[in-house]
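To keep things clear, I will list the structure first and then write my remarks on it.
Derivation of every value follows stated rules applied to the coordinates shown; laboratory data play no part. These figures come from a predicted structure and were not determined experimentally. Neighbour counts run over all protein chains shown; Cβ positions are idealised from the backbone, glycine included.
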Amino acid sequence: MTSRSLLTLMLGSLLLASPAQLPAQSKDMINKEPLQPGLETATLGGGCFWCTEAIFELLPGVKTVTSGYAGGHKDHPTYKEVCSGATGHAEVIQITFDPTVISYERLLETFWEAHDPTTLNRQGADEGTQYRSIILYHNEAQKIAAEKSKAAAQARFRNPIVTEIVPLTKFHPAEGYHQDYYRNRPNEGYCRLVIRPKVEKLEKRLKAGTP
């Protein structure tokens, strides 16, 4: 069992609540609004979406970050189903961003820095296909940019990058309690020990003017 799975069990009634008991921002209420003119969308998976969500929310030009599931074969998968590995989905985040402020290429640079893309189906103690490194492109331009960025990033790693680059077929927003997880629970053990150091590292770089 992964470290995050243990934490999930410890959260008890909150995480196992029925949909009616979950926070008002349920999975069916997320991402229903049309994309605003001038904004673009990126979908990335780099392990636990609690971590990647918290990191990308800090970037100037990023408008929204939604945790969810993609890359699998089942419609409307639940967190439990995704964790089982049976649906083939990865934990991902979907980002809406202003390309006049931050480019897709810059998002990819942060993506390579935010996780280890050389570990197959694993990030730290979290292990399983749902934690695989994956870029799901929305168009041909994103595909070309992702492949180019991956080739450039390889120079920073001793081991081969195993990140998948595949077309996005469908994105399923995760349950409401997964959204803004770090922001809502900054003092939980997993948030303090795993997410906070990554967030603080990026915050220092942003303050120094070197995002």
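Being assigned to a helix (DSSP H, G or I) and either touching a strand residue (DSSP E or B) at 6+ places or on another chain (Cβ under 8 Å) or surrounded by 18 or more Cβ atoms within 10 Å (Cβ to Cβ) (or both) holds for only one residue in Q94, Q130, Q154, and it is Q130. Residues in segment 169-205 that are in a helix (DSSP H, G or I), touching a residue at least 24 places away in the same chain (Cβ under 8 Å) and farther than 18 Å from H115 by Cβ: G176, Y177, R183, G189.
Of the residues in segment 108-118, at least one is crowded, with 18+ Cβ neighbours inside 10 Å and part of a loop (DSSP other than H, G, I, E, B).
A single member of L35, L59, L44 is aliphatic (A, V, I, L, M), crowded, with 17+ Cβ neighbours inside 10 Å and assigned to a loop (DSSP other than H, G, I, E, B), and it is L59.
Are any of the residues in segment 179-190 within 19 Å of the chain's Cα centre (by Cα), under 21 Å from P99 (Cα atoms) and not charged (D, E, K, R)? There is no residue in segment 179-190 that is within 19 Å of the chain's Cα centre (by Cα), under 21 Å from P99 (Cα atoms) and not charged (D, E, K, R).
For L136, the requirement of being assigned to a helix (DSSP H, G or I) and buried (at least 20 other Cβ atoms within 10 Å of the Cβ) is not met.
For V166, indicate whether it is in a helix (DSSP H, G or I), among the hydrophobic types (A, V, I, L, M, F, W, C) and over 14 Å from the mean Cα position of the chain (by Cα). Answer is no for this residue. Checking Y137 against (1) of a type outside the set (K, R); (2) out of contact with any helix residue (DSSP H, G or I) (no Cβ under 6 Å at 6 or more places or on another chain); (3) in contact (Cβ under 8 Å) with a residue 12 or more places away in the chain, only one condition comes out false. Which one? Just one mismatch for Y137, condition (2).
For (1) under 18 Å from L136 (Cα atoms); (2) of a type outside the set (K, R); (3) over 15 Å from the mean Cα position of the chain (by Cα), each residue gets a yes or a no:
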| site | (1), (2), (3) |
| --- | --- |
| L58 | no, yes, no |
| K63 | no, no, no |
| D75 | yes, yes, yes |
| S84 | no, yes, yes |
| E105 | yes, yes, yes |
